[in-house]
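Trainee: Supplied in structure tokens, the structure appears directly below.
The values are calculated or read from the model by the stated rules, or taken from the named source; none is laboratory data. Owing to the predicted nature of the structure, the values given are computational and were not obtained by experimental measurement. When we count neighbours, we look across all protein chains shown, and the Cβ atoms used for this are built from the backbone with ideal geometry, even at glycine.
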Amino acid sequence: MSSAGGAPAAGPDDDLPAVVTAVLSGSRLLVAVAARSLSAVEGRVTLPQFRMMVLLAGHGETKLVTMAELLGVNSSTAMRMADRLVAAGLVVREVNPRNRRESLMRLTAEGRRVVDQMTERRRAEIGAIVARMPAEQRRALISAMNAFNAAGGESPDTEPCPLGLPDV
């Protein structure tokens, strides 16, 4: 089928490469923002460890096996990450009293403070970036990001201060 000018009519997926490119660029920006937020705890927490901490902040006390599934890693990798966070005083790992074969993890007060501090740094930097956009584009970004998150299976934040990048 042709448009009035003789060129083929655009199909519904013709903009897919442009959308993917734009999302990849945005992803690089968000990863850079997340990495800069880690500067406050440089040497103590890596980006994957911070992701574990954010998940613990959102889920509360969590089984090690469940955490591995949430992170998409094997249990031994999750255990090594948790061991490093325990050594840093950011996570407590204990035997589950209801099932002694399981380990439960939770943030310490210091771990919660680190998550809150790094989340606030990210919030401020993202806020500064978004504030440079025209209001109409900001409104469109809300709709687009909500649709993107829904398509990816990410539940919307219901709190005024989200706990971090889902994705990192």
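Trainee: Is it true that residue 65 is assigned to a helix (DSSP H, G or I) and at pLDDT below 95?
Mentor: Details: assigned to a helix (DSSP H, G or I): yes; at pLDDT below 95: yes.
Spelling it out, residue 65 is indeed assigned to a helix (DSSP H, G or I) and at pLDDT below 95.
Trainee: Still on this structure: With crowded, with 16+ Cβ neighbours inside 10 Å, in contact with a helix residue (DSSP H, G or I) (Cβ under 8 Å, 6 or more places away or on another chain) and at negative phi as the only criterion, which of 112, 138, 106, 93 stands out? Quick ask: steps written out before the conclusion?
Mentor: Details: 112 fails: crowded, with 16+ Cβ neighbours inside 10 Å; 138 fails: crowded, with 16+ Cβ neighbours inside 10 Å; 93 fails: crowded, with 16+ Cβ neighbours inside 10 Å.
Exactly one of 112, 138, 106, 93 is crowded, with 16+ Cβ neighbours inside 10 Å, in contact with a helix residue (DSSP H, G or I) (Cβ under 8 Å, 6 or more places away or on another chain) and at negative phi, namely 106.
Trainee: While we're on this one: Can you spot a residue in region 114-130 that is farther than 26 Å from residue 46 by Cβ and free of Cβ contacts under 8 Å to residues at least 24 places away in the same chain? Explain how you work it out, then say what you get.
Mentor: Within region 114-130, the subset farther than 26 Å from residue 46 by Cβ is 130.
So of that shortlist, the ones also free of Cβ contacts under 8 Å to residues at least 24 places away in the same chain come out as 130.
For region 114-130, residues farther than 26 Å from residue 46 by Cβ and free of Cβ contacts under 8 Å to residues at least 24 places away in the same chain: present.
Trainee: Do we have any residue at all in region 72-80 that's surrounded by 15 or more Cβ atoms within 10 Å (Cβ to Cβ) and basic (Lys, Arg)?
Mentor: No: region 72-80 contains no residue that is surrounded by 15 or more Cβ atoms within 10 Å (Cβ to Cβ) and basic (Lys, Arg).
Trainee: Collect the residues in region 1-47 that are at pLDDT 90 or above and not small (Gly, Ala, Ser), keeping them in residue-number order.
Mentor: Within region 1-47, 15, 16, 17, 19, 20, 21, 23, 24, 28, 29, 30, 33 qualify.
Trainee: Further question on the same structure: Do we find that residue 133 is touching a Leu at 6+ places or on another chain (Cβ under 9 Å) and not in a helix (DSSP H, G or I) in this structure? Give the steps one after another, and end with the answer.
Mentor: On the way: touching a Leu at 6+ places or on another chain (Cβ under 9 Å): yes; not in a helix (DSSP H, G or I): yes.
So residue 133 passes the test.
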